[in-house]
Amino acid sequence: MEQTITFTLPDTHVLIPKVEFEKLVSNSLPAFWTMEDLIKESKLSRYKIEKRILEVPRFNKYLKENDIWFEGQGGSSSHYFDAELMWKFLKDYKKEIYKGMKK
């Protein structure tokens, strides 16, 4: 059922399609994130990233198969993530990743 609403959009705001918004976000991201970037962007500790994302078998498999996570030879300090795809992953799986966390 289609409905019409009327509202006033303040001069300080713009209304754009979701696809355009996602393009703007992806264009503003660097190509890759380090582990430190992921900690900053996700607001999770290194421990929680490892336990809630990287060590979860289905997430681990998904991230590696989709070229989102690149694990280097230098141990935990050499993790690299495709920034755009990791941002989308965090958004898509936020309920599972952040469940039980206090705000």
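The values are calculated or read from the model by the stated rules, or taken from the named source; none is laboratory data. The shown structure was predicted, so the numbers you read here are calculated from the model rather than taken from an experiment. Backbone-built Cβ (ideal geometry, glycine too); neighbour counts: all protein chains shown.
Every residue in region 60-75 that is under 19 Å from D92 (Cα atoms), more than 13 Å from the chain's Cα centre (by Cα) and not acidic (D, E), please. Passing the criteria: N60, K61, Y62, K64, N66.
Give me the residue from region 23-45 that is charged (D, E, K, R) and touching a residue at least 12 places away in the same chain (Cβ under 8 Å) and, out of that set, nearest to F89 (Cα to Cα). Lay out the reasoning, then the answer.
First pass over region 23-45, keeping only residues charged (D, E, K, R): 23, 36-37, 40-41, 43.
So of that shortlist, the ones also touching a residue at least 12 places away in the same chain (Cβ under 8 Å) come out as 37, 41.
Numbers: D37: 15, E41: 12 Å.
Filtering region 23-45 for residues that are charged (D, E, K, R) and touching a residue at least 12 places away in the same chain (Cβ under 8 Å), the one nearest to F89 (Cα to Cα) comes out as E41.
Restricting I16, I68, I53 to those that are of a type in the set (A, V, I, L, M, F, W, C) and over 15 Å from L85 (Cα atoms) reduces the list to I16.
Of all the listed residues (I68, I49, I16, I39), the sole one being more than 19 Å from I97 (Cβ to Cβ) and either surrounded by 11 or more Cβ atoms within 10 Å (Cβ to Cβ) or not aromatic (F, W, Y) (or both) is I16.
Just checking, which of F59, F89 is in contact with a helix residue (DSSP H, G or I) (Cβ under 6 Å, 6 or more places away or on another chain), modelled with pLDDT of 95 or more and either of a type in the set (F, W, Y) or exposed (fewer than 10 other Cβ atoms within 10 Å of the Cβ) (or both)? Steps first, please.
Details: F89 fails: in contact with a helix residue (DSSP H, G or I) (Cβ under 6 Å, 6 or more places away or on another chain).
After ruling out the rest, the residue left standing is F59.
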